[in-house]
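Worksheet: one structure, shown below.
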Amino acid sequence: MIQEYLKFVIVGHVDHGKSTLIGRLLFDCGMVPQEKIEEVKSICASLGKEFEFAFLMDYMEEEREKNITIDTAQTFFKTAKRNYVIIDAPGHKEFLKNMITGSAQADAAVLIIDAKEGIMEQTKRHAYLLKLLNINQLMIVINKMDLVGYKQQRFEQIKQGILNHLGRFQLLPNYVIPISGRDGDNIAKKSEHLPWYNGPTVLESLDSFKQQVSVTDLPLRFPVQDIYEIDGEKIFVGRVESGLMKKNQKILFSPTNKIADIKSIKKWQQQLDQAESGHCVGITLSDATGIERGQIGSGTDDSPQVANKFNDTIFWMSPESLEINEPVIFKCVTQEVRAKIKKIHRLMDSSSLQTIIGRDNEIKETEVAEVTIETENQIAIDDFNRLPELGRFVLVRNDDIVAGGIITLE
C-alpha cells in the first residue's frame, strides 16, 4: 500500500544549517546505508572533524547521478506515519524558480535560523516568498542552540524577532522549535539539553502537517506540450496539471475556445479511461483542427480566463533591472508569449517590507512589484490562489529567468 506523502521545503540564510538538518533527518529516519555512515565517519576522522551530517547529502547527490530519484531537486525519507519529499532550495533564486515553474510544489515549509547569527536579510526574504507563494504551514527551527549554550533567553529573543517580522505580512508559524542539527536535539527525539522547551520535535511537527487540497479535485487543466502524428492521427501530448480527464468527455481549448471530444487517452502503450493530475499522457480528439502547442485544455463548464492584460505580483531576480515597456518573454506552463510591464502599482523591498517611494518606472534585484502585464497575444490564465497551476509564471530575458510571479485576478 502506498503511503501518504508530504512535500516540504527548507529555506534560510546560507550556512544556517540546512544541509546538516536534512542529513540528520535522513540519519534519524534510517534512510542512509550503514556503509555510507561508516564512510562519512572515516572522512571526518581523517579531517580531524566530528561527524558531519551535511556530508550525508553527498550520498543523495550520488544517488541522483545514478537516476535513483526522479527529480534532482528532491530528497526522500519516511517516518512511521508517511513518506516525505524535501524540495531542495539552495537560494532564493533557485527556490522561486523551482516553486514558480511548478517543478516542485510544497505543502509546508521549514525556515531555519542560526541561533548565534540570528535573523538575516535572506531569512526575511525567504519568509516573504513563502507568503507570496501561499505556503501557510510553517515551522521555524532555531538551529545551533549548542553554540549559545542552549540558553532560553537567546531562543526567545530570536523567536520574538521572527514572529514580529512574519506578523507584518500575516504569516503565522505553526511551530517555533529550538534545535541542534549537529547533535540531534529536538529532531527525532526530545532534548535533555533543552528542558525548558515543552513543544514537539521536528518530526512530530512534520507529522502533524496536512497535505494541501488535491489538485485532482480542482478544475481540469491540460496544457498541450507537443503534437505528434502517428498513422495519420494527431496525438496531443501534455501533463494533466490539475483535475481529471475522462475518455469521451468534451474538452475546451483556450484561448481559441475550440471544443472537441476526447476519443482516447494513451500513456505509453496503455489505453486509459481517465487521467488525473500528474499524469503525462497523449490524447486523440474528434476534431484536431486549430489546436496548437501552448493551448490549455479544460472542462467546458470551468475554463481559465482569457486575457492579454492582467495584474500580477513579481519577484525580480536579475542583477540588471527592468524598465517599463521593456520586452520580456512570459512563460506560463507551455504558453510562451512576448510581453511588457505596462504599469508598476507598488514597489517593495522584499526583506525590509518597506514600500519604495518615488520610482515607478524600474524594478531592481530582489524587489517585489505589483504590476500590470500586457502580453502580445491572448493567453489562458487563472488566479494563483484559486488554481496555482495556471496562476504562476516566469519572465525570461536573453534566455535567462529573471523574475517569477503570481497572477491576481480577483
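Numbers for the structure displayed
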quantity	calculated
Those residues of region 222-267 which are of a type in the set (S, T, N, Q) and either out of contact with any Ser or Thr (no Cβ under 8 Å at 6 or more places or on another chain) or surrounded by fewer than 18 Cβ atoms within 10 Å (Cβ to Cβ) (or both), in sequence order	Gln225, Asn248, Gln249, Thr256, Asn257, Ser264
Candidates Asp383, Asp399 - the one that is under 22 Å from Leu133 (Cα atoms) and either surrounded by fewer than 22 Cβ atoms within 10 Å (Cβ to Cβ) or touching a residue at least 12 places away in the same chain (Cβ under 8 Å) (or both)	Asp383
Pair list, Cβ < 7 Å and 6+ apart or interchain, from region 114-142 residues that are within 13 Å of Asp349 (Cα to Cα) to residues that are of a type in the set (Phe, Trp, Tyr) and assigned to a loop (DSSP other than H, G, I, E, B)	Tyr128/Phe169
Count of residues meeting criterion [without any contact (Cβ under 8 Å) to a residue 40 or more places away in the chain and of a type in the set (Ser, Thr, Tyr)] in region 206-241	1
Within region 100-207, strands (runs of 3 or more DSSP E) holding 3 or more residues that are among the hydrophobic types (A, V, I, L, M, F, W, C)	108-114, 138-143
Elements of type strands (runs of 3 or more DSSP E) in region 305-401, at least 2 residues being among the basic types (Lys, Arg) and not assigned by TED's automatic domain parsing to the domain that holds Gln105	335-349, 392-397
Selection count, region 342-374, where residues are closer than 22 Å to Lys131 by Cα and not polar (S, T, N, Q)	17
Tabulated pairs, region 311-325, first without any contact (Cβ under 8 Å) to a residue 60 or more places away in the chain, second part of a loop (DSSP other than H, G, I, E, B), C-beta under 7 angstrom, 6+ apart or interchain	Pro319/Glu365; Ser321/Lys364; Glu323/Asn361; Ile324/Asn361
Hits in region 1-54 - residues which are in contact with a Lys or Arg (Cβ under 8 Å, 6 or more places away or on another chain) and at positive phi	Gly12, Gly17
Unmet criterion (only one of (1) closer than 26 Å to Phe236 by Cα; (2) at pLDDT below 95) for Gln354	(1)
Residue count for region 346-370, restricted to those that are without any contact (Cβ under 8 Å) to a residue 40 or more places away in the chain and of a type in the set (Lys, Arg)	2
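The values are calculated or read from the model by the stated rules, or taken from the named source; none is laboratory data. Every value quoted in this text rests on a predicted model; they were computed, and no experiment measured them. Positions of Cβ are backbone-derived with ideal geometry, glycine not excepted, and every protein chain shown enters the neighbour counts.
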